[in-house]
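Step one of this worksheet: look at the structure below.
The values are calculated or read from the model by the stated rules, or taken from the named source; none is laboratory data. Just so we're clear, the structure is a prediction, and the values are computed from it rather than from any experiment. With ideal geometry, Cβ positions are generated from the backbone for all residues, glycine too; neighbour counts draw on all protein chains shown.
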Amino acid sequence: MSEKPFVHLHCHTDYSLLDGACEISKLMKLVQKQGQPAVALTDHGNLFGAAEFYFKAKDAGVHPVIGCEVYVAQQDRTIKNEQNKYNHLVLLCENQDGYKNLIKLVSAGYLDGFYYKPRVDKALLAQHSKGIIAMSACLKGDINETILRDRYEDARRLAHEYVDIFGKGNFFLEIQDHGLDMDRKVMPEVCRLSAETGIPLVATNDAHYLEQSDHRAQDILVCIQTGKTVTDSNRMSFSTESFFVKTRSEMMQLFGEVEDALDRTWEIAQRCHVKLEKVADPFPRFEIPGGHTLDTYFAYVARQGFEKRRGRLEQMAARGMLRHRIEDYIERLEEEIRLIQQMKFSGYFLIVWDFIRYAKSQGIPVGPGRGSAAGSLVGYAMGITDIDPLQYGLLFERFLNPERISMPDIDIDFCTNRRGEVIQYVTGKYGREQVAQIITFGTLGAKAALKDVGRVIGLSFNEADRITKLIPSQPLNIKLKDALEAEPAILELAKQDARYQETIDVAMRLEGMARNAGVHAAGVVISPVPLQEIVPLYKAEKDKDEVVT
């Protein structure tokens, strides 16, 4: 009988910001190489990487298991003080219901449970447990912490509590062995707990980096997060070099006596099937006057708008300044209206027209239009742009082409100081639950990686500055590998001082990883349904009212 494959069900990508060092693309290549048919995403408290993880796994022929290692407050999540400690719990999506529930849990952690970490609580877990498989997590899980305090009966009570929350067969006791004394104390007791309660074991490795040799880079990454240096004695660190993506044989060496706990990883992965698909109708509902359909009202607004522009066009024609006849304008307008209706974008144009009209009515400066949208006469007629596409020979097909249907892309510029008023208007019109700004991630570029790594390993400011100044300024966002080829002085510096060599080596390993989450300067989402039904939400601690997705 052939052995079952082992699957990593506890894995932190670089979206476990400045903690996980498993880049998603490299993770997929590694599990492919190891012959592992599936892998799980369980970043700390968030689903930032879920879409990237899902699609890259699919492209690699790897079965994606979407999950999260959540922070569970010991009391109500809205109690925000030092006494309300939290523990870890791993949640995996078994199906679409589970994915929707995990979205709600993660969103609630940021929107109303955030206190240093995005926290949920057990009442919320019970409310959103359908379709979720839970595992007891690492040494920071409450069952393991309780065992470490020699309170076995309390650990048993907690285990039964999780079975009650998630249902029999949906909660598993995690066993891990990273060579820590605490692992060796906990594992026999967890095995005993499994034997006495019938709750199955599952073997995991708390993977924070890909290869064992990446230990040093991940250690430095954590120092970047905490503002420490590697020589600080009182700092967070992983005590062993075992938190990597191990092979089945490496896991067998640790868990050979409980092989069924290894086999169970594949059994759990096979249960988990989530599909991430585009929203069928992405446009929010636009209220239209009685007697109109969406298409007829769109056509009405476009034609009325053209009539307002017509007087000026006729004046230009009378002076011989207009390059086309008015009849050409009308013919082009009707053709664009027909194509936009055919492509089912009437609602989109009305939504954009409405908030631009609002901005102009409030005296908020709006840009004249740029990009391919300037090629639309409908856009000009509706006041979305102020550029006459016929006069300047601009093509509508560059903007929308019925032969290759894609979403319209209208670039709109509002006055920076007053764009918040437009967002407030849109939020009021479509509902707070359906409007959010877009998250963005700062990454470790070549210079930033060198500077951060240099500080952590003990370079002075001037020493770190010396090497970063050698990075060519062109092209922008140059990769460190290319910089080394373009500027030989960097490697010459490394030959003179081993600290520079390590700085370069580690910076190359960390380059491109997510460093922090922020808010996109311009992007706003307007959803047809409450956003929490389809995407996770995030709220930056400093921006109390700024919901982001």
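Summary table below
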read-out	value
Top-ranked residue in segment 71-111 [being under 30 Å from GLN434 (Cβ atoms) and among the charged types (D, E, K, R); ranked as surrounded by the most Cβ atoms within 10 Å (Cβ to Cβ)]	ARG77
Count of residues meeting criterion [in a loop (DSSP other than H, G, I, E, B) and not charged (D, E, K, R)] in segment 191-235	13
Those helices (runs of 4 or more DSSP H) lying entirely in segment 281-400 with at least 3 residues modelled with pLDDT of 95 or more and more than 37 Å from the chain's Cα centre (by Cα)	294-318, 326-342
Tally, over segment 236-272, of residues that are surrounded by 15 or more Cβ atoms within 10 Å (Cβ to Cβ), of a type outside the set (S, T, N, Q) and not in a helix (DSSP H, G or I)	7
Scope segment 465-478; condition surrounded by fewer than 22 Cβ atoms within 10 Å (Cβ to Cβ) and either in contact (Cβ under 8 Å) with a residue 40 or more places away in the chain or not polar (S, T, N, Q) (or both); matching residues	ASP465, ARG466, LYS469, LEU470, ILE471, PRO472, PRO475, LEU476, ILE478
The lone exception for GLY167 - which of (1) in contact with a strand residue (DSSP E or B) (Cβ under 7 Å, 6 or more places away or on another chain); (2) free of Cβ contacts under 8 Å to residues at least 40 places away in the same chain; (3) of a type outside the set (A, V, I, L, M) it fails	(1)
Test for GLN36: is it buried (at least 21 other Cβ atoms within 10 Å of the Cβ), assigned to a loop (DSSP other than H, G, I, E, B), in the same structural domain as ASP206 (by TED's automatic domain parsing) and at pLDDT 95 or above	yes
Residue match in segment 77-94 (condition: under 21 Å from HIS208 (Cβ atoms), more than 27 Å from the chain's Cα centre (by Cα) and not in a loop (DSSP other than H, G, I, E, B))	no
Test result for ALA108, touching a strand residue (DSSP E or B) at 6+ places or on another chain (Cβ under 9 Å), of a type in the set (A, V, I, L, M, F, W, C) and farther than 21 Å from LYS539 by Cβ	no
Residue that is surrounded by the most Cβ atoms within 10 Å (Cβ to Cβ), among those in segment 499-549 that are among the acidic types (Asp, Glu) and part of a loop (DSSP other than H, G, I, E, B)	GLU511
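Residue-by-condition table, conditions (1) within 30 Å of THR231 (Cβ to Cβ); (2) surrounded by fewer than 16 Cβ atoms within 10 Å (Cβ to Cβ); (3) touching a His at 6+ places or on another chain (Cβ under 8 Å):
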{"site": "ILE405", "(1), (2), (3)": "no, yes, no"}
{"site": "GLN424", "(1), (2), (3)": "no, yes, no"}
{"site": "VAL435", "(1), (2), (3)": "no, no, no"}
{"site": "GLY442", "(1), (2), (3)": "yes, yes, no"}
{"site": "GLY445", "(1), (2), (3)": "yes, no, no"}
{"site": "ALA449", "(1), (2), (3)": "yes, no, no"}
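Conditions tested, residue by residue: (1) outside any loop (DSSP other than H, G, I, E, B); (2) under 30 Å from VAL524 (Cβ atoms); (3) at pLDDT 95 or above.
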position	(1), (2), (3)
ASN417	yes, yes, no
ILE423	yes, yes, no
LEU450	yes, no, yes
VAL453	yes, no, yes
ASN462	yes, no, no
ASP465	yes, no, no
SER473	no, no, no
ILE478	no, no, no
